[in-house]
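In what follows, a single structure is set out as C-alpha cells and then discussed.
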Amino acid sequence: MRASTASALLSALATVQLGEAAPRAPVKRDVDTRFPYTGPDVPVGDWVDPTVNGNGKGFPRLVEAPAVKPSSSKPKNNINVISVAYIPNGVTIHYQTPFGLAEQPCVHWGSSATTLDKKAAGETTTYDRTPPCSEVAVTQCSQFYHNVQIENLKPGQTYYYSIPAANGTTASQTLSFKTAHEAGNQKPFSIAVLNDMGYTNARGTHKHLAQEASEGLAFAWHGGDISYADDWYSGILPCVEDWPVCYNGSDTRLPGGPPYPPEYLNHPIPKGEEANQGGPWGGDMSVLYESNWDLWQQWMNKITMKIPYMVLPGNHEAACAEFDGGNNTLTAYLNDDKANSSAPESALTYYSCPPSQRNFTTYQHRFRMPGAESGGVGNFWYSFDYGLAHFVAIDGETDFPFSPEYPFVRDTDGKGLPAANETYSTDSGPFGAITGNWTDNESYEQWNWLKNDLANVDKTKTPWIIAMSHRPMYSSEVSSYQEDLRNAFEDLLIDAGVDMYLAGHIHWYERLWPLTKDGKVDKASVVDKDTYTTNPGVSLTHIINGMAGNIESHSTLGSDEKELKITNVLDQEHYGFSKLTFHSAKKLTWQFIRGVDGAVGDELTLVKKSS
C-alpha cells in the first residue's frame, strides 16, 4: 500500500488494534509507516551481484513462462499470471500484469469456445512493490492485479473466456473453467490439498498436481506457505546448526545430508558449491522477495489456468523475513543498509521490511478469495460449498487471541500503539474488528464469523464439513501455538460437527487418530488403522499435510523425540500433496500422493456415523 494511504487509515488501525468499540463490518488493515524504513532501496539476497536483474555465483536467474506469450520479443506489458477462484454461483478471473491497463479490466466469455458473446468488467489493485516492474523484465514481473467476477452461472458447467489486450498486453488464448457443483449435488468429486510448497523440492508435487488437474480435479486448496518469497535472503546467511537453510557456497546442504536427488548431482556446479537444497546449480530461489512470488505464480500457471486455486494464509506470507541468521547479517542489512556485515544482536522489527513487504500485503493482492461473499474477510477467512461439502478457511496466523503473528495490541497489552523496538517483523493484522479484550475469543470478528458460518451449514445438502488452517492443533512436533489454536477454534469445530481439520506448517505428512477436545484418541471412532467413523460433537480427524516441498526441506523428529500416541502415520521422507475424494454423503477417502512417483503413500477412509 502507498504510505499516504497508510497514514490516512492509521486512526482506524489504532481503533481495531486497541480493542476499542468498532463496527462489525470488516475493517481494512493497512501498512503502518509511522517509523521510516532505513534499509536498502531493493534488498537483494546475493552479495556477488546485488542488482535486481543479476544473480551471482551459484544463483542462476530463474525464468518461468508467462500465462500469455507476448506478441513481440520486447513487450511493453503482458499478462503473466492467470488464476480462477470460486464465488457463490460464479468465479473470479484473476490476472496480473507489470503495468496498468489504462482501462477497466474485463473478460469476454460464453458457454461455447467459439462464441464469447458476453463481457464482464472488474477492478484493479496495486501496491508499491520493491523493486517496481519498471526495473525488472516485463514477462517476469507483476505489479497490477485484476479481478473480474462472472456471476449467476449454472452449477457444474464449463464456460469459456478470453482476456482482451489492453495497454500493450497480448490477448490471452481462449481458456475455460468449470463452475462448482451446487450444494446438495450427489456426484462424487476430488480435490487436491497442499501446504508449504515454494519451488525447491516441489517439482514432483508440481508434476503430479498438474497431471491430476488435467484429469478432472474439481479444484486445489493451498493452505498457506505458498511461494516462500521470504526465503530470498537465504543466500546471504551462513548455515548454522539450528537452522541450516542457506545456499551461500560456504556450507550449503540439505537438512539430514545425502543422498541428494539425482537432478542435484547430474549438472555442473560452480566451483566451491555443493549439491544442495537450492537446486542443481546452487540456487533454486530468486534473491528478490517479489520475484519469488512472480516466478512461483508463473510456474503454477499450468495448474491455476486449468482448475480453481483456493488459498489461505501461512506464516511465510506475513513479511519479508521471519528471523535473522548467524551474525545477525540480516539485521545489519535491513536496518542499517550494511551489506555482508553483522550486528551485535538481532533487532528485526516491523519496520525492518520495506513497506510493501509487511502485513501480508503481497498475499492480499495476488489472490482473490470469496471472503466478502461468505461474510468473511478477503483472502484470510471464508467458506464455500461444493456438492456434498462445505469448506471453511480459517486464518491461523492473525485475528484470534495470542495469534502467532502479533497484532500491535499484543505488543503493548492494549496500552497504545507500540514503539518501533516493541514490534517484530511479522507483526500483522488484525484484519477484522476486535470489539473487546484482545485476549477473549468472543472479541474477534473471525471467531464470531466462524461460529455463525458453522451454525448455518445445511447438513441435508452438505453433510461433510472440512476446515483448514495453516497450523495444526496437534502433532508429534509439539509447539505452543497449537494450544492457542485449540483454545480459539477447537470447541467451535467439534461442537458444529466438522469432520476434518487440515493443516500444514510442519514439513512432513502426519495423520492423527480422531481426537476429542482433551486431545485423547476417540477409540469409538476407529474401525481400523485406515478407517475412521465420524463422531459429531465428540471428536475430529486431524491431518498435517505440510510436505509439498520447499527450500526448508523436511521436518524431522530429533533423536530424543518420539511419536506421540495420537499419531497414526508419520512420513518424514516424501514430498507430495493429498487428494480428497467425496464418494457420497456417507464416505470419503483421503490419499497422500507422493511426488517422487505419484504413488499413494497413505490412504484413509472416513465414514459418516449412522444417526
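Only one entry of Arg511, Arg471 meets the criterion of being open to solvent by 10 Å² or more (accessible area, probe 1.4 Å) and at pLDDT 95 or above, and that entry is Arg471.
Would it be correct to say that Asp458 is within 20 Å of Tyr86 (Cβ to Cβ), at pLDDT 95 or above and open to solvent by less than 30 Å² (accessible area, probe 1.4 Å)? It is false that Asp458 is within 20 Å of Tyr86 (Cβ to Cβ), at pLDDT 95 or above and open to solvent by less than 30 Å² (accessible area, probe 1.4 Å). Filtered by the rule that a residue be open to solvent by less than 50 Å² (accessible area, probe 1.4 Å) and touching a strand residue (DSSP E or B) at 6+ places or on another chain (Cβ under 9 Å), the stretch 117-137 gives Ala120, Gly122, Thr125, Thr126, Tyr127, Cys133. Among the residues making up the stretch 187-199, those that are open to solvent by less than 20 Å² (accessible area, probe 1.4 Å) and either out of contact with any Phe, Trp or Tyr (no Cβ under 8 Å at 6 or more places or on another chain) or under 23 Å from Glu151 (Cα atoms) (or both) are Phe189, Ile191, Asn195, Asp196. Looking only at the stretch 556-583, residues that are part of a loop (DSSP other than H, G, I, E, B) and either within 18 Å of Val600 (Cβ to Cβ) or not polar (S, T, N, Q) (or both) come to 14 in all. Across the stretch 555-595, the qualifying residues are those that are among the charged types (D, E, K, R) and crowded, with 19+ Cβ neighbours inside 10 Å, and the one among them that is modelled with the lowest pLDDT is Arg594. Within the stretch 156-186, the set of residues being surrounded by fewer than 16 Cβ atoms within 10 Å (Cβ to Cβ), within 15 Å of Ala389 (Cα to Cα) and touching a strand residue (DSSP E or B) at 6+ places or on another chain (Cβ under 9 Å) comprises Glu182, Gly184. Cβ separations smaller than 9 Å between residues 6+ apart or across chains give the following pairs from the stretch 72-93 residues that are aromatic (Phe, Trp, Tyr) to residues that are part of a loop (DSSP other than H, G, I, E, B): Tyr86/Thr179; Tyr86/Ala180; Tyr86/Phe219; Tyr86/Pro308; Tyr86/Met369; Tyr86/Pro370. Residue pairs whose Cβ atoms lie under 6 Å apart, sitting 6 or more positions apart in sequence or on different chains, and linking a residue in the stretch 594-611 that is within 16 Å of Arg511 (Cβ to Cβ) to a partner that is aliphatic (A, V, I, L, M) and in a strand (DSSP E or B), are Asp602/Val569; Leu606/Leu588. Assess whether Tyr228 counts as being at pLDDT below 95, in contact with a helix residue (DSSP H, G or I) (Cβ under 7 Å, 6 or more places away or on another chain) and over 26 Å from Pro370 (Cα atoms). No; evaluated as a whole, the condition is false for this residue.
Listed by position, the helices (runs of 4 or more DSSP H) enclosed by the stretch 288-383 that each have at least 3 residues that are in contact (Cβ under 8 Å) with a residue 60 or more places away in the chain and touching a Cys at 6+ places or on another chain (Cβ under 9 Å) are 289-299.
Quick check: anything in the stretch 532-554 more than 20 Å from Ser469 (Cβ to Cβ), open to solvent by less than 40 Å² (accessible area, probe 1.4 Å) and of a type in the set (A, V, I, L, M, F, W, C)? There is at least one residue in the stretch 532-554 that is more than 20 Å from Ser469 (Cβ to Cβ), open to solvent by less than 40 Å² (accessible area, probe 1.4 Å) and of a type in the set (A, V, I, L, M, F, W, C). Between residues in the stretch 179-208 that are within 24 Å of Val287 (Cα to Cα) and outside any loop (DSSP other than H, G, I, E, B) and residues that are open to solvent by 20 Å² or more (accessible area, probe 1.4 Å) and aliphatic (A, V, I, L, M), which pairs lie under 6 Å by C-beta distance while being six or more apart or on different chains? Pairs found: Gly204/Val596.
The set of residues in the stretch 384-412 that are among the charged types (D, E, K, R) and not in a loop (DSSP other than H, G, I, E, B) comprises Asp385, Arg410, Asp411.
For the stretch 56-64, indicate whether the set of residues that are at negative phi, β-branched (Val, Ile, Thr) and crowded, with 20+ Cβ neighbours inside 10 Å is non-empty. The answer is no; no qualifying residue exists. If the condition is being within 22 Å of the chain's Cα centre (by Cα) and either under 15 Å from Pro40 (Cα atoms) or open to solvent by 40 Å² or more (accessible area, probe 1.4 Å) (or both), then the stretch 337-355 contributes Cys353, Pro354, Pro355. Among the residues making up the stretch 93-102, a single one is surrounded by 16 or more Cβ atoms within 10 Å (Cβ to Cβ), among the aliphatic types (A, V, I, L, M) and farther than 21 Å from Met369 by Cβ: Leu101.
The residue that is nearest to Met369 (Cα to Cα), counting only those in the stretch 73-87 that are of a type outside the set (Val, Ile, Thr) and open to solvent by 10 Å² or more (accessible area, probe 1.4 Å), is Ser83. Condition check for Val526 on (1) touching a residue at least 60 places away in the same chain (Cβ under 8 Å); (2) open to solvent by 20 Å² or more (accessible area, probe 1.4 Å): one failure, at (1). The lone criterion from (1) out of contact with any Phe, Trp or Tyr (no Cβ under 8 Å at 6 or more places or on another chain); (2) open to solvent by less than 20 Å² (accessible area, probe 1.4 Å); (3) free of Cβ contacts under 8 Å to residues at least 60 places away in the same chain; (4) not hydroxyl-bearing (Ser, Thr, Tyr) left unmet by Cys141 is number (3).
Please verify whether Pro105 is more than 22 Å from Gly156 (Cβ to Cβ), open to solvent by less than 50 Å² (accessible area, probe 1.4 Å), in contact (Cβ under 8 Å) with a residue 24 or more places away in the chain and in contact with a Gly (Cβ under 7 Å, 6 or more places away or on another chain), treating the condition exactly as stated. So Pro105 fits the description; yes.
The values are calculated or read from the model by the stated rules, or taken from the named source; none is laboratory data. As the structure is a prediction and not an experimental result, all values here were calculated from the model. Every residue, glycine as well, gets a Cβ built from its backbone with ideal geometry; the counts of neighbours run over all protein chains shown. Note: accessible area is taken over every heavy atom of the protein model, side chains too, but ligands, DNA and RNA are not part of it. Shrake-Rupley method; radii C 1.70, N 1.55, O 1.52, S 1.80 Å.
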